[in-house]
1. Being over 15 Å from the mean Cα position of the chain (by Cα) and either without any contact (Cβ under 8 Å) to a residue 60 or more places away in the chain or closer than 17 Å to VAL101 by Cα (or both) is the filter here; which residues of segment 63-87 pass it?
2. Whether any residue in segment 26-42 is loosely packed, with under 15 Cβ neighbours inside 10 Å and in contact with a Cys (Cβ under 8 Å, 6 or more places away or on another chain) is what I want to check.
3. Please state which of the following conditions HIS160 fails to meet, knowing it meets all the rest: (1) of a type outside the set (Asp, Glu); (2) under 22 Å from ALA45 (Cα atoms); (3) modelled with pLDDT under 95.
4. Evaluate the following for LEU20: is it away from ligand 1 (no atom under 11 Å from the Cβ), aliphatic (A, V, I, L, M) and at pLDDT below 90?
5. For segment 43-131, list the helices (runs of 4 or more DSSP H) that sit wholly inside it and hold at least 3 residues that are hydrophobic (A, V, I, L, M, F, W, C) and exposed (fewer than 15 other Cβ atoms within 10 Å of the Cβ); which are they?
6. Among the residues of segment 112-144, count how many are more than 14 Å from LEU181 (Cα to Cα) and touching a strand residue (DSSP E or B) at 6+ places or on another chain (Cβ under 7 Å).
7. Consider only pairs whose beta carbons are under 9 Å apart and that are at least six residues apart or on different chains; among these, list those whose first residue lies in segment 113-138 and is on the phi > 0 side of the Ramachandran plot and whose second residue is crowded, with 17+ Cβ neighbours inside 10 Å and in a loop (DSSP other than H, G, I, E, B).
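The values are calculated or read from the model by the stated rules, or taken from the named source; none is laboratory data. Quick caveat, the model's predicted, so the values are computed rather than measured. Counting neighbours? That spans all protein chains shown, and the Cβs are built from the backbone with ideal geometry, glycine included.
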Amino acid sequence: MQCLLCQRPLATKLSLAWLLSWQIQPRPRVCSTCWQSFMPIDEQACPGCGRSQLNRQPCPDCQRWGPTLNFHNRALFTLNDAMVAYLQRYKRQGDYRLRAVFSTIFGCAVERIHADLVLIIPVTARALQIRGYHQVAGWFQPELGPVQLALAEKKDPQPHPRHFRLTGDLSALVGKKVLLLDDQYDTGRTLRSAASLLLESGAKSVVGLTLTR
Ligand SMILES: [Zn+2]
Ligand SMILES: [Zn+2]
């Protein structure tokens with residue numbers, strides 16, 4: 001088997017360094033050199049957006065947003081050069097095999113959050129058509145629940161000012177903990193607008209989970 005990222009053959013014998021690394025995949029899909037080029041975010045992170053930092057105080061970005069009651073984001077990795085290169089290949093060049101690099105770790109993070117409902121931030125039909133797949137669904141595909149998050153359409157009678165709408169049985173949201181999945185937390189605008197819509201519609205709390213911050 002070869003490393004999905006650098007194509008070097010994967011060592012069959014696990015080294016101690018490998019075992020001590022942050023690798024939790026049962027079957028390594030990338031070599032230890034490639035894996036260690038990513039920077040996992042540990043407990044030392046902003047409680048609002050999940051950014052890696054040296055304390056657990058809200059970061060300057062989150063202070064600007066002000067507290068959004070009942071919403072916070074968790075991120076798994078810092079957006080360093082290795083991650084930018086990965087996302088370039090996986091998202092822009094459409095190499096679907098690369099979903100396997102993070103699918104296990106992303107799936108485990110979803111499980112750990114124990115949400116009542118898991119929703120993916122939707123992408124435009126055009127983005128889906130160009131890439132051929134939804135990048136987040138490549139890592140984790142939630143079951144189709146009673147409520148779905150969709151992009152607001154121009155013909156919607158009253159498009160949500162923040163470009164999302166909910167479809168399905170909205171009563172299923174009431175009092176629920178909702179997990180929202182996205183690939184990156186950048187400005188936070190997208191996740192926060194979807195979270196506000198869910199909270200306004202009756203959700204008890206919303207947690208975001210992103211691969212990067
Ligand atoms: Zn490699
Ligand atoms: Zn923050």
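1. The first filter runs over segment 63-87 and keeps only residues over 15 Å from the mean Cα position of the chain (by Cα), leaving 63-70, 80-82, 85.
Once the filter is applied, which keeps residues that are over 15 Å from the mean Cα position of the chain (by Cα) and either without any contact (Cβ under 8 Å) to a residue 60 or more places away in the chain or closer than 17 Å to VAL101 by Cα (or both), segment 63-87 yields GLN63, ARG64, GLY66, PRO67, ASN80, ASP81, ALA82, ALA85.
2. Yes; the residues of segment 26-42 include at least one that is loosely packed, with under 15 Cβ neighbours inside 10 Å and in contact with a Cys (Cβ under 8 Å, 6 or more places away or on another chain).
3. HIS160 satisfies all of (1) of a type outside the set (Asp, Glu); (2) under 22 Å from ALA45 (Cα atoms); (3) modelled with pLDDT under 95 except (2).
4. Values: away from ligand 1 (no atom under 11 Å from the Cβ): yes; aliphatic (A, V, I, L, M): yes; at pLDDT below 90: yes.
So LEU20 passes the test.
5. Details: elements: 60-65, 81-87, 103-113, 125-131.
Correct list: 125-131.
6. Residues flagged as more than 14 Å from LEU181 (Cα to Cα) and touching a strand residue (DSSP E or B) at 6+ places or on another chain (Cβ under 7 Å) within segment 112-144 amount to 1.
7. Filtered contacts from segment 113-138: no entries.
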